[in-house]
Amino acid sequence: MDTTRANSPEIGTENYRFLQNHVYTHSGIVLEGDKHYLFESRLSPIVKQLGLATINDLCALIRATGGYEVGMQVVTAMTTNETYFFRDPAHYEAIRTVLLPRLREERGDTRKLRFWSAAASTGQEAYSLAMLLLQEGFGGWQIQITGTDFSPQVLERARSGTYQQIEVNRGLPVSLLVKHFRRSGVNWQLSEEIIKMVKFETIDLRKSMRSLGPFDLVFCRNVLIYFDAETKKNIMREIHGTLFRGGWFLLGGAETAFGLDDLFERTPIGGATIYAAR
Ligand SMILES: C[S@@+](CC[C@H](N)C(=O)[O-])C[C@H]1O[C@@H](n2cnc3c(N)ncnc32)[C@H](O)[C@@H]1O
């Protein structure tokens, strides 16, 4: 019996379901509807790299070995890792004009600040914040920025602080490029001063995260859109548990903390929406 689809000779029906479940189990990401094209375009390079013939062989390999590395490579390939420096400029403007002046006053005694970039991807979000903090005169403060993601591959890139030309062209002001990066072959290398402000850790957002806190500000942007409603709510509850009372929480443009009014107060600042932990 032919179990493959006419428009997708590559992936058998059982394997298609296996891949959907595999990605959901390991990341919480829901891949509904017809994603054959997406699986094929994202997984073909892995098939090739492993010297396999088809995506069905890749499924067989994961099933047979339960291989964490290949399995995670597949999940990472199916995940949207898109990010860029100073994404959603209104957020950084609100941080610069309202949040940091308040923190300067409130934490003036300890001069300690703690931030978390959840779903950090290749690090641009965490490093944008680090550059902003230096620019705003927090260099002498004890700053801890934690960047987390469930994908070891993206975090490896984040830790390296090495970016391609196309990546520094997106969102990064030239003045900051000149100040904090140097040329390294065809790439750009971020300075040690900025790199050492951020500590990256592999963390699945669906696990308990309370031990990470307390934080003054948490970014959890452009990741919750991929989860089902219950997973989203659980993650936001966990994040609430990592914030100082009155601490801030940022979501991506297409995300809201709808239904969690008991935990967060929605606060518009300029063009940004910021949530304050009750
Ligand atoms: C689109 S990127 C967002 C990057 C950044 N926050 C931004 O807004 O520019 C989404 C990231 O979420 C990560 N991710 C997906 N599922 C995750 C999970 N269950 N736990 C932790 N990170 C996850 C992906 O690896 C990816 O790097």
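Taking (1) within 19 Å of the chain's Cα centre (by Cα); (2) away from the ligand (no atom under 15 Å from the Cβ) in turn, THR148 satisfies each apart from (2).
If the condition is being surrounded by 14 or more Cβ atoms within 10 Å (Cβ to Cβ) and hydrophobic (A, V, I, L, M, F, W, C), then region 146-186 contributes PHE150, VAL154, LEU155, ALA158, VAL168, LEU172, LEU176, LEU177, PHE181. Any chance region 71-79 includes a residue that's in contact with a helix residue (DSSP H, G or I) (Cβ under 6 Å, 6 or more places away or on another chain), within 16 Å of the ligand (Cβ to nearest atom) and part of a loop (DSSP other than H, G, I, E, B)? So far as region 71-79 goes, yes, one or more of its residues are in contact with a helix residue (DSSP H, G or I) (Cβ under 6 Å, 6 or more places away or on another chain), within 16 Å of the ligand (Cβ to nearest atom) and part of a loop (DSSP other than H, G, I, E, B). Residues that are without any contact (Cβ under 8 Å) to a residue 60 or more places away in the chain, charged (D, E, K, R) and part of a helix (DSSP H, G or I) are absent from region 195-209 altogether. Selection of region 94-123 for residues being surrounded by 15 or more Cβ atoms within 10 Å (Cβ to Cβ) and either within 16 Å of the ligand (Cβ to nearest atom) or at positive phi (or both) yields ALA94, ILE95, PHE115, TRP116, SER117, ALA118, ALA119, ALA120, SER121, THR122, GLY123. No other residue among LEU205, LEU224, LEU243 is at pLDDT 95 or above and away from the ligand (no atom under 14 Å from the Cβ) apart from LEU243.
The single condition from (1) away from the ligand (no atom under 16 Å from the Cβ); (2) closer than 30 Å to GLY253 by Cβ; (3) outside any helix (DSSP H, G or I) that PRO45 fails is (3).
The values are calculated or read from the model by the stated rules, or taken from the named source; none is laboratory data. Bear in mind the structure is a predicted one, so any value in this text is a computation, not a measurement. Don't worry about glycine lacking a Cβ; one is built from the backbone with ideal geometry, like all the others, and counts go over all protein chains shown.
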